[in-house]
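First comes the structure, then the notes that go with it.
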Amino acid sequence: MHGTHGGSNALRGRVAVVAGATRGAGRGIAAALGEAGATVVCTGRSSVTGSGGSDYDRPETIEGTAELVTRLGGTGVAVRTDHLDPGQVRRLADRVRREHGAIDVLVNNIWGAERLKGGPADWNTPIWNHRLDDGLRILRLGLETHLITSHHLLPLLIGKPGGLLVEVTDGTAAYNAGRYRISVFYDLVKTSVNRLAFSQGHELAPYGATAVALTPGWLRSEMMLDNYGVTEENWRDALAPDRDGGLPTAPASFASSESPRYIGRAVTALAADPERARWNQQSVSSAQLAREYGFTDVDGARPDVWDSH
């Protein structure tokens, strides 16, 4: 199980904080860090103790992610945190400092605007027709959260050389540079998060730390699987005609989709690479790092949806 992604002890003794670990890429990243033996602090608003203001009515919780981390060989810790609330993030930092002393990896994966982004029918709505409150909340959820999190948690990363900051976005800087992404608000957030890795990497370099922007391809998140009426175990069924011989529920490009564990193994590969500083300020995809480091997705494949664009 561990052969292609650094081994089960590659990150034993390392401490990671995955901000936005409830589901999707965040849960996949936390899980892969667990596979490598790390201690993973899993944060988010959806908790068994209450939703904490989550924008989604979903069953996943940070405790569920933490249990998965532990089951896979790491140590999972759940800390309910709303990353739009500077006070809560400061308390998170205080707790991590108290319990772990420092962190080796910080993953800024907070998003939470999937509903506000809307489905394909809502895309390409011009700014003058877009609901302004929704658009501004997309900015706050996707950008302000990252700034608040970095402000309070990066002091725990720079105490010793070798720290890694991963900014999770949608699309590499090169891909997004020539393409309009869904709406002015969505486009601005996802482009800005790539730039955040660049600017923070500039500030982290003197401390021997590295910042990388990382995008998944077509992510088989829990919400995406639900959209197509499949699970991670039978996701390929969405590519087959339905029982009545009608159209498949998913487009053909879904064949190139990836599980959330794939981007997780990308983060793990970076964290385990003593030469990770060569990636500082860069914008990369999970597929690009899979080629570089030789890891695969959970099914042994190495999907790259960006290749088909």
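The values are calculated or read from the model by the stated rules, or taken from the named source; none is laboratory data. Keep in mind the model is a prediction, meaning the values are calculated, not measured. Here the Cβ is made from the backbone with ideal geometry for all residues, glycine too, and neighbour counts use every protein chain on show.
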The residue from SER199, SER192 that alone is of a type in the set (S, T, N, Q), surrounded by fewer than 23 Cβ atoms within 10 Å (Cβ to Cβ) and more than 18 Å from the chain's Cα centre (by Cα) is SER199
Select from region 244-270 the residues that are surrounded by fewer than 18 Cβ atoms within 10 Å (Cβ to Cβ) and among the hydrophobic types (A, V, I, L, M, F, W, C) and write down the one among them that is modelled with the lowest pLDDT. LEU247
Need a quick list: helices (runs of 4 or more DSSP H) entirely within region 54-118 having at least 3 residues that are more than 26 Å from THR210 (Cα to Cα). 62-71, 114-117
Candidate set: region 157-185, residues that are farther than 23 Å from GLU203 by Cβ and of a type in the set (Ser, Thr, Tyr); chosen: the one surrounded by the most Cβ atoms within 10 Å (Cβ to Cβ): SER183
Residues in region 10-28: is at least one more than 17 Å from ALA113 (Cα to Cα), more than 19 Å from the chain's Cα centre (by Cα), at pLDDT 85 or above and hydrophobic (A, V, I, L, M, F, W, C)? yes
Among (1) charged (D, E, K, R); (2) surrounded by fewer than 19 Cβ atoms within 10 Å (Cβ to Cβ); (3) at pLDDT 95 or above; (4) within 20 Å of SER221 (Cβ to Cβ), the one test that ASP273 misses: (4)
Give me the pairs, please: first residue somewhere in region 290-301 and surrounded by 14 or more Cβ atoms within 10 Å (Cβ to Cβ), second residue anywhere and part of a loop (DSSP other than H, G, I, E, B), beta-carbon distance under 6 Å, and either six or more positions apart or on two chains. ALA290/ARG302; PHE295/THR4; PHE295/HIS5; THR296/THR4; THR296/ARG302; ASP297/SER259; VAL298/SER259
Could you grab me the full set of residues in region 217-259 that are part of a loop (DSSP other than H, G, I, E, B), in contact with an Asp or Glu (Cβ under 6 Å, 6 or more places away or on another chain) and of a type outside the set (A, V, I, L, M, F, W, C)? GLY217, SER259
So if I check each of ILE127, ILE138, which one is at pLDDT 90 or above, of a type in the set (Val, Ile, Thr), over 17 Å from LEU270 (Cβ atoms) and surrounded by 16 or more Cβ atoms within 10 Å (Cβ to Cβ)? ILE138
